[in-house]
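To start, the structure under review is shown below, and the notes come after it.
The values are calculated or read from the model by the stated rules, or taken from the named source; none is laboratory data. Predicted, not measured: the structure shown is a model, and the values here were computed from it. Glycine also receives a Cβ, built like all others from the backbone with ideal geometry; neighbour counts cover every protein chain displayed. Heavy atoms of the whole protein, side chains included, go into the accessibility calculation; ligands, DNA and RNA do not. Shrake-Rupley method; radii C 1.70, N 1.55, O 1.52, S 1.80 Å.
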Amino acid sequence: SQRKFKKLFPGRFFMKLKLYHAKWSLCSQMVRVAMEEKGLPYESNLIKLCDQYPEAENLSPEYLAINPKGIVPSLDLDGKIVTESTNIIKKLNSLSGENDIDLWPFDVDQGKLNSWVEDTTLTDGVPFGKTLGTAIPPFSLILINFMVKKYLSFFQAIKVFWKHPLRERGRGFLAMKFFNIHKPIAASSYKVLVKSLMDIEKNLENSGPYFLGKFSHIDINLMCCFHRLSDVRLEKLLEIEELPNIKKYWELLKSRDSYQKCILDFYGEKEYGDIEEVFGQNVSMHLEPIKSIIKKYKT
């Protein structure tokens with residue numbers, strides 16, 4: 001029977017995967033990359049987030065029934081909902097896909113694997129600037145601030161404020177409608193970002209070509225974090241002479257098919273248009289201050 005086959009041969013052939021995700025969401029990117037690396041087909045359900053679209057689909061009754069926090073990604077695995085990118089990727093790694101790859105290998109330092117996955121994830125409840133995963137998003141606030149002002153009316157911003165299950169996010173989106181809040185928040189993340197980059201650089205001296213030698217969950221998270229730095233015109237941080245190992249590592253990450261298919265291919269006119277409208281050909285205002293800290297750190 002099919003039930004018996006499922007027990008004998010668990011994996012993608014018997015699992016129905018539905019992914020609820022967003023194009024520009026950092027954690028959605030992580031999960032998409034993991035699914036591509038594993039070779040797991042899935043039904044794609046793109047959600048229009050409240051900070052980028054007036055439809056605010058993540059706050060709809062239908063989506064809140066799937067994820068009461070109103071955030072993405074969420075995975076429907078044969079009717080069971082899994083949320084938070086780390087939980088989802090761990091679950092996906094237990095499935096058999098077309099590709100023979102283990103994203104959570106047991107023959108590496110488990111303490112380092114756990115701590116770096118945790119530190120490179122945007123974890124709900126962890127304040128901005130405490131880890132690398134929470135230090136990256138503040139630099140995105142200039143774009144989110146722009147999108148909230150551009151796409152949300154006053155009444156829509158009020159609606160998000162009242163309806164968002166995560167009250168802090170609701171307050172943040174409402175504040176962005178009227179103020180530019182990104183500069184001081186991003187500046188407070190400088191030191192954590194620099195320390196994280198220096199730690200990655202040092203680790204790559206003794207491992208390689210990937211963070212733990214072989215490709216793992218950490219590399220997925222760093223691929224997405226580094227790409228977000230590229231989005232906000234901070235990619236030059238990954239190319240400076242003080243970080244030669246990171247430069248080679250970033251080029252390696254960009255060469256993987258999953259980077260093109262699960263990050264770049266999901267960007268459309270809106271995503272590229274918003275980035276261009278905010279930055280044009282300019283680099284981030286934060287680039288030189290951060291480079292200066294790195295140079296001092298090295299000396």
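Here is the link list: Lys177/Lys247; Lys90/Lys261; Lys18/Lys69. Which ones come out longer than 28 Å on Cα distance? Lys177/Lys247, as the Cα separations exceed 28 Å there. Modelled spin labels at Ser255 and Asp199, positioned 7 Å past Cα toward Cβ, are 2.8 nm from each other.
How big is D for the chain, in µm² s⁻¹ as a whole number, if Stokes-Einstein is applied with the Kirkwood radius of its Cα pairs at 25 °C and 0.890 mPa s?
Numbers: Rh = 20.1 Å.
Taking Rh from Cα pairs, D becomes 122 µm²/s.
Seen through its C-alpha gyration tensor, with square-root eigenvalues sorted a ≥ b ≥ c, the stretch 172-226 comes out oblate because a/c lies at 1.5 or above while a/b is not bigger than b/c. Rounded to the nearest whole Hz, the Karplus-based 3J(HN,Hα) values (6.51 cos²θ - 1.76 cosθ + 1.60, θ = phi - 60°) of the stretch 201-215 follow the sequence 4, 5, 4, 5, 4, 9, 10, x, x, 9, 4, 10, x, 10, 5, with x at glycine and proline. Judged by the ratio a/c of the largest to the smallest principal axis of the C-alpha gyration tensor, the stretch 205-299 counts as oblate, that ratio being 1.5 or greater while a/b is no larger than b/c.
Rounded to whole Å and sorted largest first, what semi-axes of the equivalent ellipsoid does the C-alpha gyration tensor of the stretch 124-174 yield via the square root of 5 times each eigenvalue? Could you put the intermediate results ahead of the total?
Working: eigenvalues 97, 42, 6 Å².
Rounded to whole Å, the semi-axes are 22, 14, 5.
With one equal scatterer per alpha carbon and no solvent term, the Debye-computed log10 I(q)/I(0) for the stretch 17-68 at 0.18, 0.19 1/Å reads -0.60, -0.66. For the stretch 250-272, backbone nitrogen atoms closer than 12 Å to the point 7 Å from Ser44 Cα along Cα-to-C-beta are found at 261-268. Here the chain exposes an accessible surface that is 54 percent carbon and sulfur, computed with a 1.4 Å probe and the other protein chains kept in place.
In the context of the full set of protein chains, the chain has a per residue accessible area of 48 Å² (1.4 Å probe).
Using the per-residue mean of other Cβ atoms lying within 10 Å as a proxy for protection, in what order, highest first, do the peptides 27-36, 96-105 fall? Could you put the intermediate results ahead of the total?
Values: 27-36: 26.2, 96-105: 14.9.
Packing proxy ranking, top to bottom: 27-36, 96-105.
For Cα pairs less than 8 Å apart in space and 6+ apart in sequence, what is the mean separation divided by the residue count of the chain, i.e. the relative contact order in percent? The partial results should precede the final answer.
Details: 397 pairs, mean separation 57.8, N = 299.
Averaging sequence separation for qualifying contacts and normalising by length gives 19 percent for the chain.
Comparing Asp274, Asp78, Asp107 in a Gaussian network model of the chain (Cα springs below 10 Å), the most mobile by mean-square fluctuation is Asp107.
Express as a percent, rounded to the nearest 5, the fraction of DSSP beta bridges in the chain (both residues included) that run antiparallel. Show your work: numbers first, answer last.
Values: 10 of 14 bridges.
In the chain, DSSP labels about 70 percent of beta bridges as antiparallel.
Express in % the proportion of alpha carbon pairs of the stretch 77-126 at distances exceeding 13 Å. Can you show the working numbers first?
Numbers: 798 of 1225 pairs.
Taking all Cα-Cα pairs of the stretch 77-126, the fraction more than 13 Å apart is 65 percent.
What share of all Cα pairs of the stretch 214-255, in percent, falls into each consecutive 10 Å distance bin? For the stretch 214-255, the pair-distance distribution reads 30, 59, 12. Subtracting the Cα-Cα distance of Glu55 and Met285 from their residue separation scaled by 0.36 nm leaves 79.7 nm.
Just need the relative contact order of the stretch 213-289 here, percent rounded to a whole number, with Cα pairs under 8 Å and 6+ apart.
On the way: 35 pairs, mean separation 30.4, N = 77.
Contact order relative to length: 39 percent.
Computed over the stretch 98-199, the Cα gyration tensor eigenvalues convert (square root of 5λ each) into semi-axes of 33, 17, 12 Å, ordered from largest to smallest. Each label point was placed 7 Å from the Cα along the Cα-to-Cβ direction; for Glu168 and Trp104 their separation is 2.5 nm.
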